[in-house]
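The values are calculated or read from the model by the stated rules, or taken from the named source; none is laboratory data. Given the structure is predicted, the values throughout are model-derived calculations rather than measurements. Here the Cβ positions follow ideal geometry from the backbone for every residue, glycine too, while neighbour counts run over all protein chains shown. We work out accessible area using only protein heavy atoms, side chains counted, and drop any ligands, DNA or RNA first. Shrake-Rupley method; radii C 1.70, N 1.55, O 1.52, S 1.80 Å.
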Amino acid sequence: MAAFTTHTPCQATPLHPNIKISTQNANTKTVHKATSSLHHYPSISSLFSQTKSILFSNSGSGSSWLQLNPLHRDASSGGGSRQGPIYSVSRTKPAEVASVEDLFEFICSGPLVDKMGLTQEKVAESIDKWLFYGSKLCRLFQLDELYLTTPQKARFYHYYIPVFVWCEDQISQHASKFKDGEEIPPLVIGFSAPQGCGKTTLVFALDYLFRITGRNSATLSIDDFYLTAEGQAELREQNPGNTLLELRGNAGSHDLPFSVETLTALTKLTKEGMKMKLPRYDKSAYGGRGDRADSSTWPEVEGPLTVVLYEGWMLGFKPLANEVVKAVDPQLERVNKNLEAYYDAWDKFIKAWIVIKIQDPSCVYQWRLQAEIAMRQAGKPGMSDEEVKDFVSRYLPAYKAYLPTLYSEGPNGSHPNHLLLIEIDEARNPILGI
């Protein structure tokens, strides 16, 4: 049960004054010179150490832009935080972007800049922040900022940092709706994205950036609200022969009252001295069928919260006409009926949305297969190719039925001014296309 208690809040680490970098004659200023002072910012040791337990889910932890270190704890090991891979990158040849001017041009060439309404002037005015965020992300992922490969630069400066800038703007708009002296509830930002596309890594990076800039944030996944093992067994008994509800995943396999309780409590976490525990799910329990993790292992979050980052593969899905879903898969009719209750339990809490669009749902199978192969090669338990196919097949009907509407109309209850739609390629990088 979500509950509030009081404690002595931790001091947020203050930011030093931003360094100012002019884009005029920028070719004479190397990235090393321009960013050298960034290394004197106070280190956030407790956060930096979290790179050894990056918050990945089992839905896909392979990333082509980083070299996976196999010596990591599995995401399904249970416990309060989502464990995951440690990334290590050996030094390669220096990146082509070597000066502030080059980096500025690289940033402005990103596919999200125009979508977010960022002009070159706006980027130039805030280039110091972009450099600071990039430097911190390099430290988070244990990369040398002077030796980034092009895919690594693209992941940071074309994806993670632009999304963070967008989130900051959404938070400012949210706060402006309240009068001076009023308590401002945290903004809940929803991340709707298929399994394996990198949403958990994105949320992890955003959570880190919020914390190092002195703002409290909380992260949740729809996985955290799965039914208990007992509840899942009851669901199977109530839907005999429906393979879509045999295991966790589809609409109907979540504890919706618990979701409402948790999200409501988080939106009230507006004062210092308040804290609550965030639920977590143990996918390894009961031979992989899963169960809610013991509450003693749940992580705590402290108020006042600025933002809640809430991610899931089916966030924002809208119920469709029965004939539409039955044409995809007759078993989906029951799932579609269950979905009717999800707006009040999840979507109505979300005031800003990021939707990650994939070109083909079959990518989910490939991404999951890559992750399982990597685990097996590392000597860790992993699903066979046939098991991966069976696993993904339980989600594909929902993707085929609901993704077209999600992409064309937006999530259930979303507003165009508070929606960022990002199309990614098979390498999980943003592309022009929307």
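Looking only at segment 213-222, which residues are over 17 Å from residue 275 (Cβ atoms) and either out of contact with any helix residue (DSSP H, G or I) (no Cβ under 9 Å at 6 or more places or on another chain) or open to solvent by 10 Å² or more (accessible area, probe 1.4 Å) (or both)? Lay out the reasoning, then the answer.
Just the residues of segment 213-222 that are over 17 Å from residue 275 (Cβ atoms), to begin with: 213-214, 221-222.
Within segment 213-222, 213, 214 meet the criteria.
Can you tell me which residue in segment 371-388 is nearest to the chain's Cα centre (by Cα), limited to those that are closer than 19 Å to residue 361 by Cα and either open to solvent by 30 Å² or more (accessible area, probe 1.4 Å) or not aliphatic (A, V, I, L, M) (or both)?
At the first step, the residues of segment 371-388 found to be closer than 19 Å to residue 361 by Cα are 371-372, 385-388.
Next, only the ones that are either open to solvent by 30 Å² or more (accessible area, probe 1.4 Å) or not aliphatic (A, V, I, L, M) (or both) stay: 372, 385-387.
On the way: 372: 20, 385: 26, 386: 28, 387: 26 Å.
This residue is 372.
Cβ-Cβ distance below 6 Å, separation of 6 or more or different chains: which pairs start in segment 164-186 with a residue that is open to solvent by less than 40 Å² (accessible area, probe 1.4 Å) and outside any helix (DSSP H, G or I) and end on one that is modelled with pLDDT of 95 or more and among the hydrophobic types (A, V, I, L, M, F, W, C)? Partner pairs satisfying both residue conditions: 186/305; 186/307; 186/308. Residue pairs whose Cβ atoms lie under 8 Å apart, sitting 6 or more positions apart in sequence or on different chains, and linking a residue in segment 231-246 that is over 18 Å from residue 393 (Cβ atoms) and free of Cβ contacts under 8 Å to residues at least 24 places away in the same chain to a partner that is β-branched (Val, Ile, Thr) and surrounded by fewer than 16 Cβ atoms within 10 Å (Cβ to Cβ), do not occur here. Given the residues 391, 317, which is the only one that is closer than 19 Å to residue 253 by Cα, at pLDDT below 90 and open to solvent by less than 70 Å² (accessible area, probe 1.4 Å)? Result of the check over 391, 317: 391.
Hey, any hits in segment 287-307 for a residue that's under 29 Å from residue 425 (Cβ atoms), within 25 Å of the chain's Cα centre (by Cα) and not small (Gly, Ala, Ser)? Looking through segment 287-307, at least one residue is under 29 Å from residue 425 (Cβ atoms), within 25 Å of the chain's Cα centre (by Cα) and not small (Gly, Ala, Ser). Evaluated against (1) in contact with a Leu (Cβ under 8 Å, 6 or more places away or on another chain); (2) closer than 25 Å to residue 207 by Cα; (3) part of a loop (DSSP other than H, G, I, E, B), residue 309 falls short on exactly one condition, (3).
For segment 343-360, the condition holds for at least one residue, the condition being that it is touching a residue at least 12 places away in the same chain (Cβ under 8 Å) and more than 22 Å from residue 421 (Cα to Cα). Checking each residue in segment 115-150 for being touching a residue at least 40 places away in the same chain (Cβ under 8 Å), surrounded by fewer than 16 Cβ atoms within 10 Å (Cβ to Cβ) and under 15 Å from residue 164 (Cβ atoms) picks out only 116.
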